[in-house]
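Here the structure is laid out as structure tokens; the discussion comes afterwards.
Readers should treat all values here as calculations from the given coordinates under stated rules, not as data from a laboratory. Since the model is a prediction, treat every value here as computed from it, not as a measurement. Here the Cβ positions follow ideal geometry from the backbone for every residue, glycine too, while neighbour counts run over all protein chains shown.
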Amino acid sequence: MSTFSFDKLVIFGVGLIGGSLARALRERGGVAGARTIVGVGRSPASAERARALGVVDQTAALDDDADLARALAGADFVLLAAPVAQTEPLLARIAPFLDAVTLVTDAGSTKGDVVAAARAALGTRIAQFVPGHPIAGRESSGVEAALPDLYVGRNVVLCPLPENRAHDVARVEAMWLAAGAHVRTMQAEQHDRVLASVSHLPHLLSFALVEQILGAPDAALKFSFAAGGFRDFTRIAASSPEMWRDVCLANATALVAELDAYTAVLARLRAAIVSGDGAALEAVFARSREARTEWQERGAQTVAARPHDDLAPE
């Protein structure tokens, strides 16, 4: 594979996701070009923190026309790594300053709403936008949590639009490959259905369990006895409330369908417990354990095939 090259990347939202891509393209090697990275944060302090840590070279203010124009001039790529609800206002803000050859992509956890927002904001320039979603993260957030190998061996989904040129999609793919990711393509609707099941619903359930315990009169006592099972199940409840609020609302149709299906399974389990049907419980538990073991073994085989120093942190 030829070396990936870029001269300027502008990242809106230099936290865990944006910061990890910046660090990957700086630190992993195999990347050519001037490699200037500009960070634009929601506040000057957040962007400046990214610069002080060496994650970005320069910063720009979102509310300063001259600063924004300077940042975007000559950019090869723009990454939107902000909550999905901010997609349309961000794109509308930067559209007047985008060069015709600049490619814009995103890291949003939902795609149907993002595509609609991009069409509304960019209009006839929609071909410059290649929707994407890196499926990687940590319970920690902020630029301090950014890692150069966050994307190694992880999936990045691209959802190309009919207007996208194949060459432009390939360029965005090459950027993520340079970060160590595996790149897959899906239609936006399929992406949202799949992620509602395996990402959005688990986060919702994790938050819900903590909320349930918080509402109990003996919550403090319960938390004092929480151990490994509670820790593992609720780890992702430490994720960004703002981001997951936007994800749940943006993917409401698919998420509600998954939530209804999950509720039906809970109802079956409840009925088995009430009726003392141990065989029914055990059958569900056995199928679930087998499926999870097979999934985990497939993941372990993928990890074993990679060099040890390329392992992605968990």
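A few comments on the model shown:
- R287-V198 FRET efficiency (beta carbon distance; Förster radius 25 Å; 0.05 resolution): 0.90
- Mean ellipticity per residue at 222 nm, deg cm²/dmol - from DSSP H runs of n ≥ 4 across the chain, formula -39500 (n - 2.57): -15500 deg cm²/dmol
- Each of Y151, Y262 has some number of other Cβ atoms within 10 Å of its Cβ, and from fewest to most they run Y262, Y151.
- Contact order relative to length of the stretch 191-276, as percent, for alpha carbon pairs under 8 angstrom and 6 or more apart: 47 percent
- Once backbone amide H atoms are built at 1.01 Å from N, G108 has G132 as its partners under 5 Å, excluding neighbours fewer than 5 places away on the same chain.
- Nearest-ten-degree value, helix 278-304 long axis tilted from longest Cα axis of the chain: 30 degrees
- Kirkwood Rh in Å, taken over all unlike Cα pairs in the stretch 159-314: 19.3 Å
- Rh by Kirkwood over Cα pairs, then Stokes-Einstein D for the stretch 9-75 at 0.692 mPa s and 37 °C, µm²/s: 277 µm²/s
- Long-range amide H partners of S5 with built H, under 5 Å: A32
- Counted charge near Q190, where neighbours are those whose Cβ lies closer than 11 Å (Asp, Glu -1; Lys, Arg +1): +1
- At 0.890 mPa s and 25 °C, Stokes D of the stretch 220-271 from Kirkwood alpha-carbon radius, µm² per second: 182 µm²/s
- Between the stretch 136-206 and the stretch 41-120, the alpha-carbon center distance in angstrom: 17 Å
- Once you divide the Cα radius of gyration of the stretch 134-187 by 2.2 N^0.38 Å, the number left is 1.26.
- Inverse mean reciprocal Cα-Cα distance (Kirkwood Rh) of the chain, Å: 21.1 Å
- Compactness index (Cα Rg / 2.2 N^0.38 Å), the stretch 4-186: 0.92
- Sequentially through the stretch 243-251, phi angles give Karplus couplings (6.51, -1.76, 1.60; θ = phi - 60°) of 4, 6, 4, 5, 4, 4, 6, 5, 10 Hz, Gly and Pro residues having no value and appearing as x.
- With semi-axes defined as the square roots of five times the eigenvalues of the C-alpha gyration tensor, the equivalent ellipsoid of the stretch 158-244 measures 39, 14, 9 Å, largest first.
- Contact order relative to length of the chain, as percent, for alpha carbon pairs under 8 angstrom and 6 or more apart: 17 percent
- Amide H to amide H distances under 5 Å link V78 with V10, L103, V104, T105, where only residues 5 or more positions off or on other chains count and H is placed in the peptide plane.
- Karplus-based coupling profile of the stretch 89-96, in residue order and whole Hz: x, 5, 5, 5, 5, 8, 3, x, with θ = phi - 60° in 6.51 cos²θ - 1.76 cosθ + 1.60 and x standing for Gly or Pro.
- The ranking of F285, F225 from fewest to most other beta carbons within 10 Å of each one's beta carbon is F225, F285.
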